[in-house]
Amino acid sequence: MTDSRQSSAPGKPVAIRRLLATVLEDKKWKSRLELHRVFEFWNAIVGREIAAVAQPSVIRGHILWVKVAEPVWMQQLHLQKTLLLEKINQQLHGEEISDIRFQLNSSLPPPHPEPETRKTKPVLIDRKKEQDFDRLISSLDNDDLRASLKSLWLRMQSSNR
């Protein structure tokens, strides 16, 4: 039985372009490759904040599995699933992701927590002590180092009260 797509006689060389096209079609790799483009544009679709805590992991059939760093983010993404599917499928040509499933994955780094604002009473610093400390660190050439030391000194003064 001969393959109707094969125009060359058996044993004759076939152009690699034709061979690859045949393999892509037979194995349905073209549609798989199109679906996997989501890995290329994921960060652009979801934005930097979400991309830091959620990354596509695998595509099984037409279902996209996404690793998520924390349960709170997983819930948030689940609520946005319809919108995400729309945005993803707009980028794909001729193929569609039918569903997104989220899985908790502790290997992703957790997002950086917002710095806590300390609610402390303002502390009155002895002006003479502060001037003495400023004189002491004034010989340092590095502005950042001086600022860090001053900040540390001020914190120590407020914790001693």
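Bear in mind these aren't lab numbers, they're just calculated from the coordinates by the rules spelled out. Worth saying up front: this structure is predicted, and the values here are computed from it rather than measured. Backbone-built Cβ (ideal geometry, glycine too); neighbour counts: all protein chains shown.
Under a crude label model (7 Å from the Cα following the beta-carbon direction), how far is L145 from E49 in nanometres?
3.9
Set the Förster radius R0 to 45 Å, insert the Cβ-Cβ distance between L19 and T82 as r into 1/(1 + (r/R0)^6), and round the FRET efficiency to 0.05. Intermediate values should be presented prior to the final figure.
Working: r = 41 Å, r/R0 = 0.91.
My answer for the efficiency is 0.65.
Of T22, V38, I100, which is farthest towards the positive pole of region 16-104's charge dipole, taken about the Cα centre with +1 and -1 on the beta-carbons of Lys, Arg and Asp, Glu respectively?
T22
Across bins of 5 angstrom width beginning at 0, how are the C-alpha pair distances of region 16-104 distributed, in whole percent?
Distribution as computed: 3, 14, 24, 24, 14, 9, 6, 4, 2, 1 percent.
If you take every residue apart from L85 with its C-beta less than 10 Å away from the C-beta of L85, what net charge results, scoring Lys and Arg +1 and Asp and Glu -1? Could the numbers behind the result be given before it?
Details: positive: K81, K87; negative: E86, E96, D99.
Charge balance in the 10 Å sphere: -1.
If each of E34 and L92 carries a label point 7 Å out from its Cα toward its Cβ, how far apart are those two points in nm?
A separation of 0.9 nm, rounded to one decimal place.
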